[in-house]
Amino acid sequence: MDVSLTLIIVMGALFACGVYAMLERSLTRVLIGFLLLGNAANLLLLIVMGRPGIAPFFGSGETSEMSDPLPQALTLTAIVITFAISAFLLALIYRSWQLGQADTVMDDEEDVALRERGVQSEDAMDDEGSTDAEAPTDFVGVETAPITVLHSRDFPGLVDDAPTDKPAARRHREGGEDS
């Protein structure tokens with residue numbers, strides 16, 4: 001297998017530059033880093049593909065003369081995924097520019113508070129989470145559950161004991177009627 005050392009060096013440089021660019025706070029640099037990573041992945045698949053051969057169609061030749069179709073399919077998939085995520089990042093950059101005239105991600109108060117919190121407070125929080133008590137939830141036993149099974153009473157085998165969006169007591173207060 002004859003792989004060009006130049007392709008391997010270029011692929012490694014693209015991966016390194018892409019990761020470095022993605023660690024920046026600017027969304028434009030994140031986009032450029034992601035594009036570099038996508039191209040590096042395509043080069044990796046090109047290197048893995050091996051020697052070129054004839055098209056892998058049935059009856060076109062011997063199997064030893066054919067090229068491997070799997071890296072070709074993976075390269076096409078990588079191109080499509082890179083394009084879709086790049087379009088999403090471009091939309092994020094455009095919206096960020098519309099709202100704040102900048103594409104830089106800033107720290108909010110919670111991030112600053114987390115960074116300033118010491119190791120002792122993290123240990124204290126770990127100790128609080130180790131209790132054997134059942135964790136509270138917002139959706140069990142509350143009358144305003146977000147999920148309602150519609151037409152569940154049409155099937156006799158289906159037990160509908162879930163809370164509804166509008167409990168009977170509240171419907172009567174609002175002047176509505178049970179259906």
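The numbers here are math on the coordinates, done by the rules we state, and not lab data. Everything numeric here is computed off the predicted structure, so don't read it as measured data. Heads up, the Cβs are rebuilt from the backbone with ideal geometry, glycines too, and the neighbour counts pull from every protein chain shown.
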Among the candidates 23, 5, 37, residue that is under 19 Å from residue 79 (Cβ atoms) and not aromatic (Phe, Trp, Tyr): 37
Helices (runs of 4 or more DSSP H) within the range 24-125 that include 2 or more residues out of contact with any strand residue (DSSP E or B) (no Cβ under 7 Å at 6 or more places or on another chain) and either β-branched (Val, Ile, Thr) or under 18 Å from residue 11 (Cβ atoms) (or both): 27-48, 69-100
Some residue of the range 60-74 being in contact (Cβ under 8 Å) with a residue 60 or more places away in the chain and closer than 28 Å to residue 44 by Cα: no
